[in-house]
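Peer 1: Before we start, here is the structure in question, set down as structure tokens.
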Amino acid sequence: MKTIVINALSALRGGGQTYLINLLSYLPDGDFKVVLLVNSQNKQLFSQYGSDRIELFEAVWASKSILHRTLWERFALPGKLQAWQADVYYAPGGVMITRTPKGCLSATALRNMLPFDDRERKRFPLVSIIRFKLWLLRFVFLKSYQKSDKVVFISEYSMSVVKQYLPGIASKGIVVPHGLNSRFLNTEESYDLPDGLQADQFYLYVSILDVYKAQKEIVKAWSKLRDHDFPYPLVLAGPKYNQYGEEVIALIDRLELQGNVIYLGKIDYEQLPGLYKSARALVFASSCECCPNILLEKLAAGKPVFCSNIEPMPEFGGDAGIYFDPYEPGDLYEKIMGMEAQASMMNKMADKAYKQALKFDWSSTAQRTMDFLINNN
């Protein structure tokens, strides 16, 4: 039986946790077991996956800070891998600083495109920790891909970008898109809408509020729609962790869009299928993704999806998306007004969206990922 060690130490929120949760939930049958490295902050989240095939190891010292984690992965983890007789060490966070022992293959993944996107990085303040961190991560990621035996990409687009820096990366890489959580398909769940909102009478944009999600431009598009007596409000849902989120709320107030644009805040993941189902149409305006999980969820709702025209969104949306330039508010305005004038087309795009979502399955994603990690070729 082979042993695969998976590093979950940096999976503290969002997509990193979602990826590992689904990978473990849909773990295929096979002659292997998993040792999952967890920290003190996320051990409770992952504790439900402990089993005969999945062993959890809490790295207490590494949980103290990023510096502690870095030192532990660099100097302590190699000995652990040897003691566990690991056949594969997988660091899906994209950073490979661990020297694996003889006989143990190393693998990492690209799940964050921001370090490779100069245009998007410039949307952050020039003098800021986040901008410096993204600049540094590009070099760290590239060094990690060179060092690793295998690299998992979650879109054709992300692999093509890395090829510009490492032309031979395809020889040790594979493209395995994320799957779609089945709870988003044919959901019967409902969402308790706040006063003033009615089912099928609002547009919905679910995403973290951040500079590359273009919420400001979407709000400006709704200002233009409001000025032309558009009857359907925009609902924004998602957490705000930085100044950009505050600026979005301030913009809504400045444009006097109260009632036309409604911010719900962060919504529990379990409630999202019902919220998507309640909307008239869905918006996804992100301009920097590896694999847009939220776009897949929105497609599954069987509603028209107005989507960013920046890759890799068209790669995943196919002909089911109604594409617009996320940084040109007038473009979204025109696409919405044009589509609302054609009821039959709205229904057609809703049907296409659902059929497109069926192409993404976590069982297939988990199977292909594990086959790739275990295969010695």
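The values are calculated or read from the model by the stated rules, or taken from the named source; none is laboratory data. What you are looking at is a predicted structure, and each value in this text was computed from that prediction instead of being measured. So basically every Cβ, Gly included, is an ideal-geometry build from the backbone, and we count neighbours across all protein chains shown.
Peer 1: Can we say Ser171 is surrounded by fewer than 20 Cβ atoms within 10 Å (Cβ to Cβ), part of a helix (DSSP H, G or I) and not assigned by TED's automatic domain parsing to the domain that holds Lys335? Give the steps one after another, and end with the answer.
Peer 2: Working: surrounded by fewer than 20 Cβ atoms within 10 Å (Cβ to Cβ): yes; part of a helix (DSSP H, G or I): yes; not assigned by TED's automatic domain parsing to the domain that holds Lys335: yes.
Here the answer is yes, as Ser171 does meet what is asked.
Peer 1: Something else now. Condition first: small (Gly, Ala, Ser), out of contact with any helix residue (DSSP H, G or I) (no Cβ under 9 Å at 6 or more places or on another chain) and either surrounded by fewer than 17 Cβ atoms within 10 Å (Cβ to Cβ) or assigned to a loop (DSSP other than H, G, I, E, B) (or both). Now tell me which residues in region 1-34 satisfy that.
Peer 2: Gly14
Peer 1: If you don't mind, another one. Hey, could you check region 291-319 for residues that are in contact with a strand residue (DSSP E or B) (Cβ under 7 Å, 6 or more places away or on another chain) and assigned to a helix (DSSP H, G or I) and say which is farthest from Gln271 (Cα to Cα)?
Peer 2: Pro314
Peer 1: State whether the residues of region 57-65 include one that is surrounded by 19 or more Cβ atoms within 10 Å (Cβ to Cβ), in contact (Cβ under 8 Å) with a residue 12 or more places away in the chain and under 27 Å from the mean Cα position of the chain (by Cα). Before the answer, list the steps.
Peer 2: Residues of region 57-65 that are surrounded by 19 or more Cβ atoms within 10 Å (Cβ to Cβ), as a first pass: 59, 62.
Now narrow it down to the ones that are in contact (Cβ under 8 Å) with a residue 12 or more places away in the chain: 59, 62.
Checking which are under 27 Å from the mean Cα position of the chain (by Cα) leaves us with 59, 62.
Yes - at least one qualifying residue is present in region 57-65.
Peer 1: Among the residues in region 127-137, are any closer than 25 Å to Val88 by Cβ and either surrounded by fewer than 19 Cβ atoms within 10 Å (Cβ to Cβ) or in contact with a Leu (Cβ under 7 Å, 6 or more places away or on another chain) (or both)? Before you say what the answer is, go through the steps one by one.
Peer 2: Of region 127-137, the ones closer than 25 Å to Val88 by Cβ are 137.
Filter once more, so that each one left must be either surrounded by fewer than 19 Cβ atoms within 10 Å (Cβ to Cβ) or in contact with a Leu (Cβ under 7 Å, 6 or more places away or on another chain) (or both): 137.
So far as region 127-137 goes, yes, one or more of its residues are closer than 25 Å to Val88 by Cβ and either surrounded by fewer than 19 Cβ atoms within 10 Å (Cβ to Cβ) or in contact with a Leu (Cβ under 7 Å, 6 or more places away or on another chain) (or both).
Peer 1: Would you confirm, using the coordinates I've provided, whether Arg111 is out of contact with any strand residue (DSSP E or B) (no Cβ under 8 Å at 6 or more places or on another chain) and either surrounded by 14 or more Cβ atoms within 10 Å (Cβ to Cβ) or at negative phi (or both)? Give the steps one after another, and end with the answer.
Peer 2: On the way: out of contact with any strand residue (DSSP E or B) (no Cβ under 8 Å at 6 or more places or on another chain): yes; either surrounded by 14 or more Cβ atoms within 10 Å (Cβ to Cβ) or at negative phi (or both): yes.
Taking the combined requirement at face value, the residue satisfies it.
Peer 1: Next question. Which one of these is within 21 Å of Asn293 (Cα to Cα) and not hydroxyl-bearing (Ser, Thr, Tyr): Leu225, Leu257, Leu251, Leu236?
Peer 2: On the way: Leu225 fails: within 21 Å of Asn293 (Cα to Cα); Leu257 fails: within 21 Å of Asn293 (Cα to Cα); Leu251 fails: within 21 Å of Asn293 (Cα to Cα).
Exactly one of Leu225, Leu257, Leu251, Leu236 is within 21 Å of Asn293 (Cα to Cα) and not hydroxyl-bearing (Ser, Thr, Tyr), namely Leu236.
Peer 1: Further question on the same structure: Suppose we filter Ile310, Ile322 for residues that are within 18 Å of Leu204 (Cβ to Cβ), among the β-branched types (Val, Ile, Thr) and surrounded by 16 or more Cβ atoms within 10 Å (Cβ to Cβ); which single one remains?
Peer 2: On the way: Ile310 fails: within 18 Å of Leu204 (Cβ to Cβ).
Selected residue: Ile322, the only one of Ile310, Ile322 that is within 18 Å of Leu204 (Cβ to Cβ), among the β-branched types (Val, Ile, Thr) and surrounded by 16 or more Cβ atoms within 10 Å (Cβ to Cβ).
Peer 1: Only one residue in Asp325, Asp319 is more than 24 Å from Asp192 (Cβ to Cβ), touching a residue at least 24 places away in the same chain (Cβ under 8 Å), over 17 Å from the mean Cα position of the chain (by Cα) and not assigned by TED's automatic domain parsing to the domain that holds Cys104, so which one is that? Steps first, answer last, please.
Peer 2: Working: Asp325 fails: touching a residue at least 24 places away in the same chain (Cβ under 8 Å).
Only one candidate qualifies: Asp319.
Peer 1: Here is a further query. Checking the structure you have, find out if any residue of region 291-298 is assigned by TED's automatic domain parsing to the domain that holds Leu234 and either over 19 Å from the mean Cα position of the chain (by Cα) or more than 29 Å from Val211 (Cα to Cα) (or both). Let's see the steps before the verdict.
Peer 2: Taking region 291-298 first, the residues assigned by TED's automatic domain parsing to the domain that holds Leu234 are 291-298.
Subsequent filtering for residues that are either over 19 Å from the mean Cα position of the chain (by Cα) or more than 29 Å from Val211 (Cα to Cα) (or both) retains none.
No.
Peer 1: Only one of Ser106, Ser51 is out of contact with any strand residue (DSSP E or B) (no Cβ under 7 Å at 6 or more places or on another chain) and hydroxyl-bearing (Ser, Thr, Tyr); which?
Peer 2: Values: Ser106 fails: out of contact with any strand residue (DSSP E or B) (no Cβ under 7 Å at 6 or more places or on another chain).
Going through Ser106, Ser51 in turn, just one is out of contact with any strand residue (DSSP E or B) (no Cβ under 7 Å at 6 or more places or on another chain) and hydroxyl-bearing (Ser, Thr, Tyr): Ser51.
Peer 1: Can you name the residue in region 174-208 that is free of Cβ contacts under 8 Å to residues at least 40 places away in the same chain and assigned to a loop (DSSP other than H, G, I, E, B) and, of all such residues, is surrounded by the fewest Cβ atoms within 10 Å (Cβ to Cβ)? Working first, answer last.
Peer 2: Keep residues of region 174-208 that are free of Cβ contacts under 8 Å to residues at least 40 places away in the same chain, which gives 175, 186, 188, 192, 195, 198.
Among the residues that remain, those that are also assigned to a loop (DSSP other than H, G, I, E, B) are: 186, 188, 192, 195, 198.
Working: Asn186: 11, Glu188: 7, Asp192: 8, Asp195: 4, Gln198: 11.
Among them, the one singled out is Asp195.
Peer 1: Take the conditions assigned to a loop (DSSP other than H, G, I, E, B) and among the charged types (D, E, K, R) and apply them to Lys355. Does it pass? It would help to see each step written out before you state the result.
Peer 2: Values: assigned to a loop (DSSP other than H, G, I, E, B): no; among the charged types (D, E, K, R): yes.
Taking the combined requirement at face value, the residue does not satisfy it.
Peer 1: Further, regarding this structure: Tell me, which residue of region 127-150 that is among the hydroxyl-bearing types (Ser, Thr, Tyr) and modelled with pLDDT of 95 or more is farthest from Ile174 (Cα to Cα)?
Peer 2: Out of the qualifying residues, it is Ser144.
Peer 1: Please verify whether region 186-202 includes one or more residues that are under 21 Å from the mean Cα position of the chain (by Cα), aliphatic (A, V, I, L, M) and assigned by TED's automatic domain parsing to the domain that holds Asp331.
Peer 2: Within region 186-202, none of the residues are under 21 Å from the mean Cα position of the chain (by Cα), aliphatic (A, V, I, L, M) and assigned by TED's automatic domain parsing to the domain that holds Asp331.
Peer 1: Taking the stated definitions as given, is Lys240 under 30 Å from Arg119 (Cα atoms) and not small (Gly, Ala, Ser)?
Peer 2: On the way: under 30 Å from Arg119 (Cα atoms): yes; not small (Gly, Ala, Ser): yes.
In short, yes.
Peer 1: Now for a separate question. Kindly evaluate Tyr165 against the criterion of being surrounded by 18 or more Cβ atoms within 10 Å (Cβ to Cβ) and either without any contact (Cβ under 8 Å) to a residue 12 or more places away in the chain or of a type outside the set (Gly, Ala, Ser) (or both). Spell out how you get there, then give the answer.
Peer 2: Details: surrounded by 18 or more Cβ atoms within 10 Å (Cβ to Cβ): no; either without any contact (Cβ under 8 Å) to a residue 12 or more places away in the chain or of a type outside the set (Gly, Ala, Ser) (or both): yes.
Spelling it out, it is not the case that Tyr165 is surrounded by 18 or more Cβ atoms within 10 Å (Cβ to Cβ) and either without any contact (Cβ under 8 Å) to a residue 12 or more places away in the chain or of a type outside the set (Gly, Ala, Ser) (or both).
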